[in-house]
1. Does Met47 satisfy being buried (at least 16 other Cβ atoms within 10 Å of the Cβ), without any contact (Cβ under 8 Å) to a residue 24 or more places away in the chain and of a type in the set (A, V, I, L, M, F, W, C)?
2. Consider only pairs whose beta carbons are under 9 Å apart and that are at least six residues apart or on different chains; among these, list those whose first residue lies in the stretch 97-124 and is under 21 Å from Leu18 (Cα atoms) and whose second residue is assigned to a strand (DSSP E or B) and among the β-branched types (Val, Ile, Thr).
3. Filter the stretch 158-176 down to residues that are surrounded by fewer than 19 Cβ atoms within 10 Å (Cβ to Cβ) and either over 18 Å from Ala97 (Cα atoms) or in contact (Cβ under 8 Å) with a residue 40 or more places away in the chain (or both), then give me how many there are.
4. Determine which single condition Thr227 fails, assuming it passes every other condition in (1) in contact (Cβ under 8 Å) with a residue 24 or more places away in the chain; (2) assigned to a helix (DSSP H, G or I); (3) of a type in the set (Ser, Thr, Tyr); (4) within 16 Å of Met82 (Cβ to Cβ).
5. Looking only at strands (runs of 3 or more DSSP E) that fall completely inside the stretch 104-192, which ones have 1 or more residues that are among the basic types (Lys, Arg) and either at pLDDT 95 or above or closer than 30 Å to Met10 by Cα (or both)?
6. Could you go through the stretch 7-24 and let me know if any residue there is within 16 Å of the chain's Cα centre (by Cα), at pLDDT 90 or above and of a type in the set (Ser, Thr, Tyr).
7. Taking the stated definitions as given, is Thr68 under 19 Å from the mean Cα position of the chain (by Cα), β-branched (Val, Ile, Thr) and farther than 21 Å from Asn217 by Cα?
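The values are calculated or read from the model by the stated rules, or taken from the named source; none is laboratory data. Predicted model only: the values in this text are computed from it and were never measured. Glycine gets a Cβ as well: all are built from the backbone with ideal geometry, and neighbour counts include every protein chain shown.
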Amino acid sequence: MNTENIIEIMTADLQKALKKPLKDRQWAMAIDLKKCIGCHACTTGCMSENMTPPGIQYRPVREEEIGTFPNVALRFLPRPCMQCEKPPCTAVCPVKATYKREDGITVIDYNKCVGCRYCLVACPYGARSADVGNYYTGKFKKNTYEVEASEEYGKQWARKNHFCSPIGNARKCHFCMHRIDKGKLPRCVTTCLGHATFFGDISDPDSFIVKATAKYNTFKFKESLGTHPRVIYIV
């Protein structure tokens, strides 16, 4: 099966799921570590999609050297938000700005977030960041993320001043919710050069993601914590 067909199949699965009520579709992501080549295309694609400033990456790729010299190799581990079924981050938010949608996506209400950063500390995966506002001065001040609006959560968030969201807020991966609600796959899925990232509705037994994760050995990162992540790694 070529890459174009996989993308088309996952897109069809997504659009099929959107016909169901929100609570009846359950989004999940699978990452095939055998196919990940460490190109970081998913990271840059995500940063472009969500206009994240320096230091804020929703989809970092961790690198680890394995083996014994001279027989060494690099192993790569993409680390988006795990979209936990039991997220520790939601319980600590004093203003209920972060919550879980019925379709399994944990989101942040930028209009409610007060920037206390409790959720950053509570997340065992380090998947949340704080947007502190200003990053460049001088001639770079009026470029890209310093002035351009982010389109997260289906709304344009203009970076006007330090009191204007998303400046001052906690930020995280949300499976490109603004894309999937329109029938488009998350940006990291479509930009993955190794074709290692899958996305779909795990409540549909006929979906590509369910079939792909049933074929191979899989694990969930720090599953012993009882968070029940919705990101599945294929090994």
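1. Numbers: buried (at least 16 other Cβ atoms within 10 Å of the Cβ): yes; without any contact (Cβ under 8 Å) to a residue 24 or more places away in the chain: yes; of a type in the set (A, V, I, L, M, F, W, C): yes.
Criteria met by Met47.
2. Correct list of pairs: Tyr99/Thr106; Tyr99/Val107; Tyr99/Ile108; Lys100/Thr106; Lys100/Val107; Arg101/Val107; Thr106/Thr98; Val107/Thr98.
3. 5
4. With (1) in contact (Cβ under 8 Å) with a residue 24 or more places away in the chain; (2) assigned to a helix (DSSP H, G or I); (3) of a type in the set (Ser, Thr, Tyr); (4) within 16 Å of Met82 (Cβ to Cβ) applied to Thr227, the lone miss is (2).
5. Values: elements: 106-108, 128-130, 170-172.
Where strands (runs of 3 or more DSSP E) fall fully within the stretch 104-192 and carry at least 1 residues being among the basic types (Lys, Arg) and either at pLDDT 95 or above or closer than 30 Å to Met10 by Cα (or both), they are 128-130, 170-172.
6. Looking only at the stretch 7-24, we keep the residues that are within 16 Å of the chain's Cα centre (by Cα), and these are none.
No, that holds for no residue.
7. Details: under 19 Å from the mean Cα position of the chain (by Cα): no; β-branched (Val, Ile, Thr): yes; farther than 21 Å from Asn217 by Cα: yes.
It is false that Thr68 is under 19 Å from the mean Cα position of the chain (by Cα), β-branched (Val, Ile, Thr) and farther than 21 Å from Asn217 by Cα.
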